[in-house]
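Asker: Questions regarding the structure given below will be posed in turn.
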Amino acid sequence: MEDVIKQIVDAEREAEARIEKAEAEAKEIVLKAKEEAKLIEKEVVGDAEKQAEALVEKARLEGEEEAKKILEEGEREIEALKINATNNLEKAISAGIALVRGS
């Protein structure tokens with residue numbers, strides 16, 4: 001009977017040791033999972049930041065190109081207006097001269 005009780009006590013101690021070991025292993029697994037999650041999060045955030053920077057740079061370049069086109073178009077329109085103004089001035093001068101000569 002004493003041997004049976006001793007075996008039961010030993011089995012309980014072994015069970016407790018296994019439970020403690022399992023709890024320690026579980027804590028270690030949770031810590032490792034948290035560390036891995038943080039690494040993955042950093043990687044995902046880093047990738048997202050790089051993509052955002054690329055999109056911002058692309059938009060900036062597109063904006064600069066559009067602004068350049070608008071400025072070029074504006075310069076062409078100004079040049080056309082200058083030519084028209086010069087032509088109109090020349091016509092007005094010619095008409096004024098013709099009036100003065102004709103009087």
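The values are calculated or read from the model by the stated rules, or taken from the named source; none is laboratory data. These numbers were taken from a predicted model, which means no experiment stands behind them. Cβ atoms come from the backbone with ideal geometry, glycine included; neighbour counts cover every protein chain shown.
Asker: Pairs needed: first member in segment 76-91, surrounded by fewer than 10 Cβ atoms within 10 Å (Cβ to Cβ); second member anywhere, modelled with pLDDT of 95 or more and in a helix (DSSP H, G or I); C-beta distance under 9 Å; at least 6 residues apart or different chains.
Answerer: none
Asker: Hey, any hits in segment 52-61 for a residue that's exposed (fewer than 10 other Cβ atoms within 10 Å of the Cβ) and either free of Cβ contacts under 8 Å to residues at least 40 places away in the same chain or outside any helix (DSSP H, G or I) (or both)? Before you say what the answer is, go through the steps one by one.
Answerer: Applying the first criterion (exposed (fewer than 10 other Cβ atoms within 10 Å of the Cβ)) to segment 52-61 yields none.
Looking for residues that are exposed (fewer than 10 other Cβ atoms within 10 Å of the Cβ) and either free of Cβ contacts under 8 Å to residues at least 40 places away in the same chain or outside any helix (DSSP H, G or I) (or both), one finds none in segment 52-61, hence no.
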